[in-house]
Amino acid sequence: MRIAFFEIEEWERKLLETSLAGHQLSFHEKPLTPATAKEAADAEAVSVFVYSHVNKETLDALPKVKFVTTRSMGFDHIDLAACKERGVAVARVPAYGDRTVAEHAFALILALSRKIFLAYERTEKGIFDYHGLQGFDLYRKTLGVVGGGKIGMNVARIAKGFEMDVLVSDPFPKQELADSIGFRYAPLDELLARADVVTLHAPYMPQTHHLMNAEKFAKMKRGAVLVNTARGALIDTQALLKALEDGILAGAGLDVLEEETFIKEECELMGKDFSKKCDLAAVVRNHMLIARNDVIITPHIGFNSREAMERIVATTVENVNGFAAGAPVNLVP
Ligand SMILES: NC(=O)c1ccc[n+]([C@@H]2O[C@H](COP(=O)([O-])OP(=O)(O)OC[C@H]3O[C@@H](n4cnc5c(N)ncnc54)[C@H](O)[C@@H]3O)[C@@H](O)[C@H]2O)c1
């Protein structure tokens, strides 16, 4: 099969060249877009990451493509209806970093609870004064996990190690997990009212768009902190800024932002290529978040551990070989 890999790094390229030696491979550093698709016009399969846009226009530029395999779990960068219309199968990596992302959520929780970033900034300047750096214990605090799937459950497991009380909100509760891990399911409003730390692990779908909006922030315990390692648009950024401003939230730790792809592309935005559809207001709001010292932002690195990345490549190889052999695996329904 002729397979074009987009958003690829050198170490992935080496691994893929060895593992998929029987196929014709091409490698492209940039995301797959209608423009970059032209570089792979004869590809029969494409492999992408989350900054690619697999939409009608992109597919039009790839007339021979019958298979898209994304090196991610989420697939909201792929227009599934457009793929279906053209008979293009879509596969993903269903699990590679459940623990990896959960550990990153805790990295953000601890960075907030112990003011690690402010402390680091101070010692970098040679200032060793501890005033204003008082944090809080996680021990016996309440953690609210919104989305009790694979990642959410690992977050709950880690939280029990800190002897936190854990509440989980999920439309599909699994009581056996609650019993074995030691948490309680609660409706979202109760979770928000009780939790000292709220962490989001629900998928992004039309139904979860702005799951955390002004109405929900108003229901939160005053002084709580919020962590998001799921998807940026689960949070209404404007409402988040107001909740921080009003002191409802004492801090936020965000691995994902609304319109985060545009932050990376701002230089281009301000330059020659100002034709992209982009919510400039969202970009400005993100900058307001970045400027705050009660907000810690990481650039979507929740998944990015050495072990998780190796698992992604291994599953992508299985996805390609399965499709080529007529026995596809890990298809997105
Ligand atoms: N930051 C990163 O690098 C990174 C990496 C991987 C995944 N993610 C994100 O994390 C999300 C969660 O991943 P996962 O593997 O745990 O997924 P999962 O499918 O195992 O779990 C998602 C859970 O959310 C629940 N849910 C659905 N709607 C909900 C709602 N309205 N309120 C509360 N819960 C709801 C589902 O029932 C399910 O139990 C993914 O959708 C993805 O967007 C981020």
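Just so you know, all these numbers are worked out from the coordinates, no wet-lab data involved. The shown structure was predicted, so the numbers you read here are calculated from the model rather than taken from an experiment. Don't worry about glycine lacking a Cβ; one is built from the backbone with ideal geometry, like all the others, and counts go over all protein chains shown.
To the nearest 20 debye, what is the magnitude of the charge dipole of the chain about its Cα centre, counting +1 on the Cβ of each Lys and Arg and -1 on the Cβ of each Asp and Glu?
400 debye
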Residue-ordered couplings for region 306-322, obtained by feeding phi - 60° into the Karplus form 6.51 cos²θ - 1.76 cosθ + 1.60 and rounding to whole Hz (Gly and Pro as x), are 4, 5, 5, 5, 5, 5, 4, 5, 4, 5, 4, 4, 4, 4, 5, 5, x
Classify region 1-108 as rounded, prolate or oblate, taking a ≥ b ≥ c as the square roots of the eigenvalues of its Cα gyration tensor: rounded when a/c is under 1.5, otherwise prolate if a/b is larger than b/c and oblate if not.
oblate
Rounded if a/c is under 1.5, else prolate if a/b is larger than b/c, else oblate: which is region 52-182, with a ≥ b ≥ c the root eigenvalues of its Cα gyration tensor?
oblate
J(HN,Hα) series, region 2-10, from Karplus relation 6.51 cos²θ - 1.76 cosθ + 1.60, nearest Hz, glycine and proline x:
8, 10, 9, 9, 10, 6, 9, 9, 4
So who's got an amide H within less than 5 Å of the one on A252, skipping anything under 5 residues away but keeping other chains? H placed 1.01 Å off N, in plane.
L226, V295, I296
For the chain, what is the convex hull volume of its Cα atoms per residue in Å³?
154 Å³
Based only on other Cβ atoms within 10 Å, what is the fewest-to-most ordering of R184, R71, R122?
R184, R122, R71
Residues in region 126-148 that a label on D246 would reach, taking backbone N under 17 Å of a point 7 Å out along Cα→Cβ:
none
Quick one: what are the phi-derived ³J(HN,Hα) couplings along region 121-126, Karplus 6.51/-1.76/1.60 with θ = phi - 60°, whole Hz, x for glycine and proline?
4, 5, 5, 4, 8, x
Which FRET efficiency value, to the nearest 0.05, is calculated for S19 and A95 with the Förster distance at 22 angstrom and r the Cβ-Cβ distance?
0.70
Can you work out the FRET efficiency for the pair E9 and N213, with r the C-beta to C-beta distance and R0 = 45 Å, to the nearest 0.05?
0.80
Between helix 280-291 and the chain, what is the angle of the helix's C-alpha long axis to the longest principal axis, kept within 0 to 90° and rounded to the nearest 10?
50 degrees
In nm, the gap between the two label points placed 7 Å beyond Cα toward Cβ at K84 and A325 is 2.8 nm
For K66, K38, ascending order of other Cβ atoms within 10 Å (fewest first) is K38, K66
With R₀ set to 22 angstrom, the calculated FRET efficiency between the beta-carbons of Y120 and A291, to the nearest 0.05, is 0.80
Given backbone amide H placed at 1.01 Å from N, residues whose amide H is under 5 Å from that of M73, ignoring those fewer than 5 places away on the same chain, are V93
In terms of the alpha carbon gyration tensor, root eigenvalues a ≥ b ≥ c, rounded if a/c is under 1.5 and otherwise prolate when a/b exceeds b/c or oblate, region 138-249 is oblate
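Filter the chymotrypsin sites (Phe, Trp or Tyr not before Pro) in region 95-158 down to the DSSP loop ones having no more than 11 other Cβ atoms within 10 Å, then list what survives.
Filter output for region 95-158: F128, Y130, Y139.
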Between 0 and 90 degrees, rounded to the nearest ten: what's the tilt of helix 98-113 against the longest Cα principal axis of the chain?
30 degrees
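In what order do E85, E176, E190 fall by count of nearby beta-carbon atoms within 10 Å, going from fewest to most?
Exposure proxy ranking, most exposed first: E176, E85, E190.
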Would you mind counting up the charge near A43? Only other residues with Cβ under 15 Å from its Cβ, with Lys and Arg at +1 and Asp and Glu at -1.
+1
The chain, helix-only ellipticity at 222 nm - DSSP H runs n ≥ 4, -39,500 (n - 2.57), divided by all residues, nearest 500
-10500 deg cm²/dmol
